[in-house]
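The values are calculated or read from the model by the stated rules, or taken from the named source; none is laboratory data. Since the structure is predicted, the reported quantities are computational estimates derived from the model, not experimental observations. We place every Cβ from the backbone using ideal geometry, glycine too, and count neighbours over all the protein chains shown.
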Amino acid sequence: MNTKVLNRSLFATLTAAALTTGSPALADGISAGTLIENTATATYDDGTGVQTVDSNTVVVRVDELLAVTVTSLDPGPISAGPGEAVLTFEIINQGNGPEAFELTANPAVAGNDFDTTIESIAVDTNGNGTFDPGVDVILTRPETTDVLQADESLTVFVIVTVPAGASDTDESDVELTASAVTGTGAPGTTFAGAGADGGDAIVGTGGAEDSAIGSLIVGITDVELTKSAAVIDPFGGTSVVPGSVVTFTISAAIVGSGSVDNLTVTDAIPDDTTYVPGTLALNGAPLTDATDTDVGEASDATGISVDLGTVAGGTTQAITFDVTID
Amino acid sequence: MTKLTKIVAAALVAALPVVPVTAQEATAPTEAAEPNVSLQSDVKAYKETTDADGNVSSELVEPTVFTPGTRLSFGLSYENKGNSPATDVTATNPLHEAVQLAPDADPALIVSVDGGTTFGILADLQVADETGATRPATHDDVTHVRWTIAAIAPGESGRVAFPVIIR
């Protein structure tokens with residue numbers, strides 16, 4: 001036998017093996033506990049006919065690979081004011097056997113403008129991707145998921161409180177870590193007998209734990225209302241006399257980096273005046289008086305109401321209407 | 001006999017042997033001349049060690065880890081315990097569905113990609129996809145591995161092996 005050739009063959013094998021070791025764990029790997037049986041059969045001629053012989057059967061059991069990924073499902077920093085905020089994460093069992101994961105939320109991430117307070121970690125029990133208080137189960141300490149099957153994913157929510165002292169545009173990160181309950185450690189660490197069906201559990205390349213960051217940005221938004229009046233009397237002047245027309249302007253300035261929801265501006269018609277039908281307008285565009293599909297309604301009895309809905313910070317909305325002095 | 005030795009040696013080099021082959025001349029038959037071939041399957045792991053100079057070497061060791069992605073060596077040791085040659089020896093090893101032939105397996109290895117119906121070297125084999133079109137077979141398609149040995153002399157033994165990766 002040529003030793004040189006053999007050595008070269010071994011070296012080629014090695015190079016390939018090193019590459020294999022460096023590849024990531026297969027999320028769709030064969031299930032832990034699977035028994036791999038190997039038997040060879042040979043036929044040969046013994047001079048009188050064909051003989052068949054079987055080898056022994058070698059059986060190996062596939063070990064459980066411990067691997068997990070955590071990702072933030074938030075599309076970007078969550079806009080939040082002081083009070084409760086919810087961050088959304090996804091846990092995926094990247095191993096090849098059933099495993100539960102302990103969850104740890106860390107509010108003190110380097111670079112934070114402020115730190116939130118972790119209130120709880122909840123599981124998306126109804127699977128709708130949105131935290132539903134009273135429906136989605138809040139985990140008790142130590143916060144641990146149910147057993148996830150291989151490749152199974154789970155959406156979890158980290159509920160935090162933003163402190164009252166947080167300033168507009170301040171940012172804060174929260175780090176969620178998931179660790180295999182069987183154990184974590186350096187890749188290749190073996191937990192004998194701790195895998196599926198009594199096999200070993202082996203720590204995967206990721207150390208059997210993973211973390212992801214969810215971000216918050218504080219958006220404190222205020223609405224400042226300013227009301228002004230302009231008078232035109234029946235004689236072309238500005239005297240306040242019976243028959244004079246008063247144009248009221250309500251200016252709603254939205255101040256801050258966030259936005260306000262469900263903003264409705266209402267005003268009563270002052271005593272001793274009468275609303276001039278058809279004069280309600282938003283930013284110069286007329287609104288009907290009737291309660292209908294447009295955002296405004298007005299009457300002498302109930303006053304005016306304009307539903308501005310969600311309004312972004314940094315904008316100003318002007319509402320105008322006329323009354324006559326009785 | 002020269003031809004036989006050459007074939008056995010070739011098979012060994014191709015198959016990453018650990019047991020040196022001992023080709024002996026056939027001894028004169030004393031009683032009824034008959035071969036008696038025995039087979040012994042084994043599974044080994046590749047253990048890599050790096051010395052102080054950074055040189056990596058590999059050896060086959062008893063396997064301890066069986067996770068997806070792990071590389072193993074499936075071996076077959078043979079020995080003719082009889083007193084006459086066994087000829088036209090064909091050893092066939094079906095692959096369990098949980099493993100695939102490793103991409104660095106010897107290109108000259110005889111394999112099947114159709115459940116053991118036809119055999120050849122991988123580069124010559126085709127498989128049909130869902131649409132009925134054929135494509136070149138890959139290591140992932142291999143269902144059986146086969147070795148052929150023209151003759152095994154009495155007392156002769158050897159080991160052949162192929163690398164697999166747990167899916």
Search result, residues across region B:52-62 that are more than 7 Å from chain A (Cβ to nearest Cβ) and of a type outside the set (Asp, Glu)
B:Ala52, B:Gly54, B:Asn55, B:Ser57, B:Leu60, B:Val61
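Quick grid of which residues meet (1) under 20 Å from A:Pro98 (Cβ atoms); (2) in contact with an Asp or Glu (Cβ under 8 Å, 6 or more places away or on another chain):
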position: A:Gly165; (1), (2): no, no
position: A:Val174; (1), (2): no, no
position: A:Ala180; (1), (2): yes, yes
position: A:Gly185; (1), (2): yes, no
position: A:Gly198; (1), (2): yes, no
position: A:Ala212; (1), (2): no, yes
position: A:Gly219; (1), (2): no, yes
position: A:Ser228; (1), (2): no, no
position: A:Ile232; (1), (2): no, no
What residue, of B:Ala91, B:Ala161, B:Ala105, B:Ala151, is modelled with pLDDT of 90 or more and assigned to a loop (DSSP other than H, G, I, E, B)?
B:Ala105
Six or more apart or on different chains, Cβ under 6 Å: which pairs go from a residue in region B:64-89 that's more than 8 Å from every other protein chain (Cβ to nearest Cβ) and buried (at least 24 other Cβ atoms within 10 Å of the Cβ) to one that's assigned to a strand (DSSP E or B) and among the charged types (D, E, K, R)? Could you list them?
B:Gly75/B:Asp42; B:Gly75/B:Arg159
Mind checking which residues of region B:143-160 are within 17 Å of A:Glu37 (Cβ to Cβ) and either buried (at least 22 other Cβ atoms within 10 Å of the Cβ) or among the polar types (S, T, N, Q) (or both)?
B:Thr143, B:Val145
Only unsatisfied item for A:Ile202, checking (1) in a loop (DSSP other than H, G, I, E, B); (2) within 14 Å of chain B (Cβ to nearest Cβ), is (1)
Selection count, region A:164-211, where residues are surrounded by 15 or more Cβ atoms within 10 Å (Cβ to Cβ), over 16 Å from A:Val68 (Cβ atoms) and in contact with a Pro (Cβ under 9 Å, 6 or more places away or on another chain)
4
Restricting to region A:309-326, name every residue that is within 30 Å of A:Ala80 (Cα to Cα), modelled with pLDDT of 90 or more and surrounded by 14 or more Cβ atoms within 10 Å (Cβ to Cβ).
A:Gln317, A:Ala318, A:Ile319
Filter result (within 30 Å of A:Ala166 (Cβ to Cβ) and surrounded by fewer than 17 Cβ atoms within 10 Å (Cβ to Cβ)) within region A:264-277
A:Thr264
Given (1) within 7 Å of another protein chain (Cβ to nearest Cβ); (2) assigned to a strand (DSSP E or B); (3) at pLDDT below 85, index of the condition B:Thr49 fails:
(1)
Looking at region A:41-80, which of the residues that are small (Gly, Ala, Ser) and surrounded by fewer than 17 Cβ atoms within 10 Å (Cβ to Cβ) is nearest to the chain's Cα centre (by Cα)?
A:Gly76
Is there a residue being in a loop (DSSP other than H, G, I, E, B), at the interface with another protein chain (Cβ under 8 Å from one of its Cβ atoms), touching a His at 6+ places or on another chain (Cβ under 6 Å) and not small (Gly, Ala, Ser) anywhere in region B:95-102?
no
Subset of region A:173-197 (residues that are touching a residue at least 60 places away in the same chain (Cβ under 8 Å) and among the small types (Gly, Ala, Ser)):
A:Ala178, A:Ser179, A:Ala180, A:Gly183, A:Ala194, A:Gly195, A:Ala196
Mind listing whichever residues of region A:47-83 are among the small types (Gly, Ala, Ser), touching a Ser or Thr at 6+ places or on another chain (Cβ under 9 Å) and not in a strand (DSSP E or B)?
A:Gly47, A:Ser55, A:Ala67, A:Gly76, A:Gly81
Is it true that some residue in region B:119-140 is within 11 Å of chain A (Cβ to nearest Cβ) and touching a residue at least 40 places away in the same chain (Cβ under 8 Å)?
no
Within the group A:Val123, A:Val147, A:Val156, A:Val135, which residue is touching a residue at least 24 places away in the same chain (Cβ under 8 Å), surrounded by fewer than 19 Cβ atoms within 10 Å (Cβ to Cβ) and among the hydrophobic types (A, V, I, L, M, F, W, C)?
A:Val147
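Yes or no, residue by residue, for (1) within 14 Å of chain B (Cβ to nearest Cβ); (2) of a type in the set (S, T, N, Q); (3) in a loop (DSSP other than H, G, I, E, B); (4) touching a helix residue (DSSP H, G or I) at 6+ places or on another chain (Cβ under 7 Å):
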position: A:Ala194; (1), (2), (3), (4): yes, no, yes, no
position: A:Ser215; (1), (2), (3), (4): no, yes, no, no
position: A:Ala230; (1), (2), (3), (4): no, no, no, no
position: A:Phe248; (1), (2), (3), (4): no, no, no, no
position: A:Ser251; (1), (2), (3), (4): no, yes, no, no
